[in-house]
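Here's the structure, in structure tokens; my notes come after.
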Amino acid sequence: MAKGMREIKRQIKSTQNMKQITKAMELVAAANLKRAQTAAEAGRPYSDKLKEVVSSIASGGGGVKHPMLQTREIKRTAYLIITSDRGLAGGLNSALLKRFVDTLKSKHKSNNEFDLFVIGRKGRDYLKRRDYPIKQEEIGVPDSPKFAHIKSLASAAVTGFEDGTYDEIYLVYNRFVNALSQIPTVKQLLPLDASALEGASQGPKADYEYEPSAEEVLNVLLPKYAETLVYSALLENKASEFGSRMTAMSSATKNATKRIDELTLTYNRARQAAITQEISEIVGGANALV
């Protein structure tokens with residue numbers, strides 16, 4: 001009985017240590033989530049203004065055209081997949097990657113029809129184990145990422161569309177709703193939807209004069225706008241990662257508390273049984289001496 005009680009005490013101590021770790025991770029994730037949301041909100045004015053200017057050119061007269069706004073026959077596709085470097089975030093990465101693999105199987109007959117640009121160790125490792133063609137990867141992106149951390153990868157994918165290597169590009173990431181809800185998303189990045197751009201601006205519109213020409217400005221702005229969408233998706237995925245990790249660690253902490261209560265109750269019962277048995281033995285021994 002004493003051996004069993006010592007084992008229960010070790011389990012209680014171990015669970016208490018685990019609870020401290022999960023609680024600390026929950027607090028860290030909550031702080032990171034706040035920073036990620038702030039970063040995402042801070043970048044919106046730039047993205048919105050860029051979209052407004054691009055929309056103004058795309059919807060203006062003069063027959064302004066650009067390859068990024070034109071659909072073409074699909075021969076080869078690029079996918080830009082954004083996952084986390086670390087785990088302990090619930091089913092965040094697994095749900096996204098399962099959705100992505102299902103998309104690949106439904107759209108393509110062989111691996112020769114697409115290339116993958118992967119951000120995040122979890123996605124890289126998952127896809128490598130399944131022998132998918134990874135064209136470029138970026139791991140070790142910090143918790144507060146800057147555009148410079150993914151510029152090379154984003155630029156390579158966008159340039160591949162511009163020069164005709166790819167006929168369409170998709171973004172694969174977790175769209176952040178709140179700490180409890182993140183939506184696995186597979187969204188077309190290129191070609192840009194001209195009709196969506198035209199309907200983007202609501203209310204009064206500014207008149208712009210372009211120098212040297214609208215076409216030249218569009219040639220510069222459209223690649224930047226596409227890369228901005230990639231960065232925005234990265235920020236959303238970071239917020240999703242921290243929200244999912246915070247929720248997962250909160251659940252783990254609650255489960256640890258529940259387990260400690262159960263083990264404590266079991267320990268108290270075992271201790272009570274041991275005391276009762278000792279008393280019975282003492283009484284039995286005393287009666288034998290009478």
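Of note:
- Boolean, residue 140 is surrounded by 21 or more Cβ atoms within 10 Å (Cβ to Cβ), of a type in the set (Gly, Ala, Ser) and under 23 Å from residue 242 (Cβ atoms): no
- Number of positions in segment 78-112 that are of a type in the set (Val, Ile, Thr) and either in a helix (DSSP H, G or I) or modelled with pLDDT under 95 (or both): 2
- Selection status of residue 80, buried (at least 16 other Cβ atoms within 10 Å of the Cβ) and either under 27 Å from residue 183 (Cα atoms) or out of contact with any helix residue (DSSP H, G or I) (no Cβ under 6 Å at 6 or more places or on another chain) (or both): yes
- Check on residue 173, buried (at least 20 other Cβ atoms within 10 Å of the Cβ) and in a loop (DSSP other than H, G, I, E, B): no
- Selection status of residue 167, surrounded by fewer than 18 Cβ atoms within 10 Å (Cβ to Cβ), over 20 Å from the mean Cα position of the chain (by Cα) and without any contact (Cβ under 8 Å) to a residue 24 or more places away in the chain: no
- Scanning segment 145-164 for residues that are outside any helix (DSSP H, G or I) and exposed (fewer than 15 other Cβ atoms within 10 Å of the Cβ) gives 146, 163, 164.
- Residue in segment 114-144 that is nearest to the chain's Cα centre (by Cα), counting only those that are part of a loop (DSSP other than H, G, I, E, B) and closer than 28 Å to residue 75 by Cβ: 120
- Among the residues of segment 255-290, the ones that are surrounded by fewer than 14 Cβ atoms within 10 Å (Cβ to Cβ), without any contact (Cβ under 8 Å) to a residue 24 or more places away in the chain and in a helix (DSSP H, G or I) come to 21 in all.
The values are calculated or read from the model by the stated rules, or taken from the named source; none is laboratory data. If you're wondering where the values come from, they're calculated on a predicted model, not measured in any experiment. With ideal geometry, Cβ positions are generated from the backbone for all residues, glycine too; neighbour counts draw on all protein chains shown.
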